[in-house]
Structures are given as C-alpha cells and as structure tokens.
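Have a look at the structure below before the remarks.
The values are calculated or read from the model by the stated rules, or taken from the named source; none is laboratory data. No experiment lies behind these values; they were computed from the predicted model shown. With ideal geometry, Cβ positions are generated from the backbone for all residues, glycine too; neighbour counts draw on all protein chains shown. What goes into the accessible areas is simple: the full protein's heavy atoms, side chains included, and nothing from ligands, DNA or RNA. Shrake-Rupley method; radii C 1.70, N 1.55, O 1.52, S 1.80 Å.
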Amino acid sequence: MNMIFRDRIDAAEKLAEKVLWLKQEEKEEIQSNYIIILAVPRGGVVIGDIISRILNAKLDVVVSRKIGAPYNAELALGAVMPDGSFFPNEHIIRMLKISEGYINGEIDTQMKEIDRRLMSFRGSKEYSYDLQYRTVILVDDGIATGATILAASKWLKKKENCKKLIIAVPVAPKDIADKLKKVADRVIILHSPSSFEAVGQFYHDFSQVSDNQVKKIMHRHGYKTCF
C-alpha cells in the first residue's frame with residue numbers, strides 16, 4: 001500500500017480543500033463563529049488546528065474513549081463520552097458474552113482519562129458545548145475501528161443538538177464510512193479503502209502526538225491548558 005499523506009499537516013491541508021465550500025457558502029456565519037471544529041485528541045487536534053485556521057473557525061476538542069475487550073484492547077466493545085454515556089457494540093458484547101461488571105469497570109477507568117484530558121487540553125472538566133444553530137466539523141487523523149468517532153457523532157447529534165454535523169477525516173475503512181453516513185449530515189473522507197490494517201499505513205510520518213503538542217495547540221487557541 002502506497003503512502004497517501006506525508007504527515008498530519010499534509011493530510012489536514014488536503015482535507016481543508018474539501019471543506020472550503022463552507023467558507024464561501026456560510027461566509028457571514030463563519031465570521032460570527034457559526035462553524036466550530038471539534039477535534040478528537042490527540043492526532044485529530046493537529047488536523048483540526050490546520051482546518052480551523054483555514055476556515056477561520058473556532059477549534060475545540062471532544063473526548064471519546066474506546067472500551068476494549070478483555071485480552072484484546074483494540075477490539076472495541078463501544079465507547080464512552082464525558083457525561084458517562086456509553087455507546088455499545090452490541091454484536092461484539094453478545095458474541096464475547098461480556099459481563100456488565102466488566103463494562104462498568106472499564107467505563108470508570110476511561111472516565112478518569114476523559115477528565116484528565118479535558119483538564120489538560122481545555123483547562124476544565126466542563127464538557128458542554130454551545131452548538132445550537134452551528135455547523136460542527138468533527139475531525140480526526142483517521143479512523144480504524146470507528147468506535148470513538150461514532151460515539152462522538154451520536155452524542156453530538158443527540159445531546160448537543162448541533163444544526164449540522166460534518167465528519168471530515170483523511171482515511172477510514174469503507175465499511176466504517178458507510179456507518180458514519182447514517183449518523184452525520186455529511187461525511188468527507190479522502191481515502192476509503194476496502195483493505196485496511198491501520199491508519200498509520202497511509203502516512204509516511206505517523207509519529208505519536210504527545211499531550212504537550214496538543215496543549216500547545218489548544219493554548220494558541222485561547223484555552224488555559226495545564227502544562
């Protein structure tokens with residue numbers, strides 16, 4: 001498989017080209033903070049930073065955490081959101097006969113990490129967003145299982161009542177892309193192969209993004225990040 005993107009910045013610039021129509025279509029609304037970019041940490045924040053600057057839109061983060069299966073953390077049982085809402089993968093839970101106790105324990109663990117990330121990246125554990133009448137562009141650096149971004153999408157549509165939800169990512173498996181289209185108002189994916197192993201295979205440089213990198217970006221956008 002040939003590399004598609006040089007790095008996250010390259011991917012973000014290519015992705016931004018696909019949302020420039022918003023800048024023209026909603027010019028007056030953008031100037032009044034009509035559009036908000038919600039990035040999934042950590043890698044998604046690098047993507048969101050570029051797109052927010054190109055669109056002159058507000059950047060924020062939304063933290064969703066995957067609940068992994070016993071002995072295989074990469075197999076998603078679902079994902080949990082900051083208010084404790086759990087979005088399960090019912091098929092996997094039934095197939096593996098996962099107990100409610102296991103899931104609740106993992107939710108408690110991931111809730112602590114969600115609180116830590118919110119405090120680190122936003123300077124507050126507060127997780128509500130003023131999204132009414134606004135268009136949300138939900139971004140990440142790529143999608144593998146889809147658990148976290150699907151949970152975030154459903155949560156934003158149900159709880160936060162945004163006017164329009166656009167999901168924009170550089171790469172995602174075709175089957176996940178089809179699921180996202182059932183939730184979001186629009187899905188923008190630059191590369192959606194049927195054969196998919198990992199997000200990193202589509203990047204020449206997919207170095208891990210550190211907490212400090214995210215904090216620096218969010219600090220530039222006016223957040224009281226905790227160094």
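Tabulated data for the structure shown
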read-out	value
Check on LEU150, over 27 Å from LYS216 (Cβ atoms), touching a strand residue (DSSP E or B) at 6+ places or on another chain (Cβ under 8 Å) and surrounded by fewer than 19 Cβ atoms within 10 Å (Cβ to Cβ)	no
Subset of region 194-227 [surrounded by 15 or more Cβ atoms within 10 Å (Cβ to Cβ), under 24 Å from SER153 (Cα atoms) and not acidic (Asp, Glu)]	PHE196, VAL199, GLY200, PHE202, VAL209, VAL214, LYS215, ILE217, MET218, HIS221, TYR223
Residue in region 136-146 that is of a type in the set (Asp, Glu) and more than 15 Å from the chain's Cα centre (by Cα) present	no
Any hit, region 81-103, residues being part of a helix (DSSP H, G or I), open to solvent by less than 10 Å² (accessible area, probe 1.4 Å), aromatic (Phe, Trp, Tyr) and in contact with a Pro (Cβ under 9 Å, 6 or more places away or on another chain)	no
Search result, residues across region 153-168 that are open to solvent by less than 20 Å² (accessible area, probe 1.4 Å) and assigned to a loop (DSSP other than H, G, I, E, B)	CYS162
Looking only at region 43-63, and only at residues there that are assigned to a loop (DSSP other than H, G, I, E, B) and at pLDDT below 95, the one that is farthest from TYR223 (Cα to Cα)	ASN56
Sole residue being within 30 Å of ALA11 (Cβ to Cβ), out of contact with any Phe, Trp or Tyr (no Cβ under 9 Å at 6 or more places or on another chain), open to solvent by less than 60 Å² (accessible area, probe 1.4 Å) and among the aliphatic types (A, V, I, L, M), chosen from ALA57, ALA76	ALA76
Matching residues, region 173-227, being over 18 Å from VAL45 (Cβ atoms), free of Cβ contacts under 8 Å to residues at least 60 places away in the same chain, of a type outside the set (Lys, Arg) and assigned to a helix (DSSP H, G or I)	ASP175, ILE176, ALA177, ASP178, LEU180
